[in-house]
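Trainee: Mind looking over this structure? Questions follow.
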Amino acid sequence: MPNWRRAFLPGGMFFFTVVTYDRRPIFESATARKILGNAFRKTGRTQPFDMEAVVLLPDHLHTIWSLPKGDTDFSSRWSWIKREFTTQWLAVGGVEKETTFAQSNDRRRGIWQRKFWEHAISDEEEMSALLDYIHFNPVKHGHVQRPIDWKWSSFQKWVRLGQYEENWGCIDRFDETIHPRLKEIVGE
């Protein structure tokens, strides 16, 4: 059995990737997006965190969270978000992928990939590169030509904050607008 080791950084800032089970495009559904938003808000009321950035794609999401000072427990937050989403999604008739007998015995459902990926952010340059990664993701996956056109992203917020120009990350301006470390991440 693997020994899952999680980052331990009280009050830290973390980058997460969370994927649907078997990469099913659940979040193409407006209902699924609404339920997920409600799960995030409900969790935040009982276990506070600041969502610094997010992008929601049909089959996965990336987000950056800041935890309160002294707090290290992002795992229970994700567990609660996934559980809340699954309960509400199935209650409104959402479909789940069939799971194996062993998965069913482990009380796993066919909605989310079992684990999530997290990374503790170490400095401002890394934060900048990860913001670029998050906001460029819809372009990378071919959903839009410009990050500003993807509705399910914090990109517009960061434009208002002055971090980006509206035309940042456009396919025709890739070389001149993207953070240099992002090119390494996306393989360009």
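Trainee: Quick one: in the stretch 16-27, which of the residues that are within 18 Å of S79 (Cβ to Cβ) and aromatic (F, W, Y) is surrounded by the most Cβ atoms within 10 Å (Cβ to Cβ)?
Mentor: Of everything passing the filter in the stretch 16-27, Y21 is surrounded by the most Cβ atoms within 10 Å (Cβ to Cβ).
Trainee: Using the structure shown, decide if V139 is at pLDDT 95 or above, of a type outside the set (F, W, Y), under 21 Å from the mean Cα position of the chain (by Cα) and in a helix (DSSP H, G or I).
Mentor: Considered against the rule, which asks whether it is at pLDDT 95 or above, of a type outside the set (F, W, Y), under 21 Å from the mean Cα position of the chain (by Cα) and in a helix (DSSP H, G or I), V139 comes out as no.
Trainee: Something else now. Can you name the residue in the stretch 87-123 that is in a helix (DSSP H, G or I) and at pLDDT 90 or above and is also surrounded by the most Cβ atoms within 10 Å (Cβ to Cβ) among such residues?
Mentor: W89
Trainee: Could I ask something else about it? Looking at (1) touching a His at 6+ places or on another chain (Cβ under 6 Å); (2) charged (D, E, K, R); (3) without any contact (Cβ under 8 Å) to a residue 24 or more places away in the chain, which one does D132 not meet, given that it meets all the others?
Mentor: Against the list (1) touching a His at 6+ places or on another chain (Cβ under 6 Å); (2) charged (D, E, K, R); (3) without any contact (Cβ under 8 Å) to a residue 24 or more places away in the chain, D132 comes up short only on (3).
Trainee: Taking into account only those residues within the stretch 53-86 that are surrounded by fewer than 18 Cβ atoms within 10 Å (Cβ to Cβ) and touching a strand residue (DSSP E or B) at 6+ places or on another chain (Cβ under 6 Å), which is modelled with the lowest pLDDT?
Mentor: Among them, the one singled out is S66.
Trainee: For the stretch 143-161, which residues satisfy the criterion of being open to solvent by 30 Å² or more (accessible area, probe 1.4 Å) and in contact with a strand residue (DSSP E or B) (Cβ under 6 Å, 6 or more places away or on another chain)?
Mentor: Correct list: W152 only.
The values are calculated or read from the model by the stated rules, or taken from the named source; none is laboratory data. Bear in mind the structure is a predicted one, so any value in this text is a computation, not a measurement. Quick reminder, even Gly has a Cβ in these numbers, built from the backbone with ideal geometry, and neighbours come from all protein chains shown. Just the protein is used for accessible areas: all its heavy atoms, side chains included, with ligands, DNA and RNA removed. Shrake-Rupley method; radii C 1.70, N 1.55, O 1.52, S 1.80 Å.
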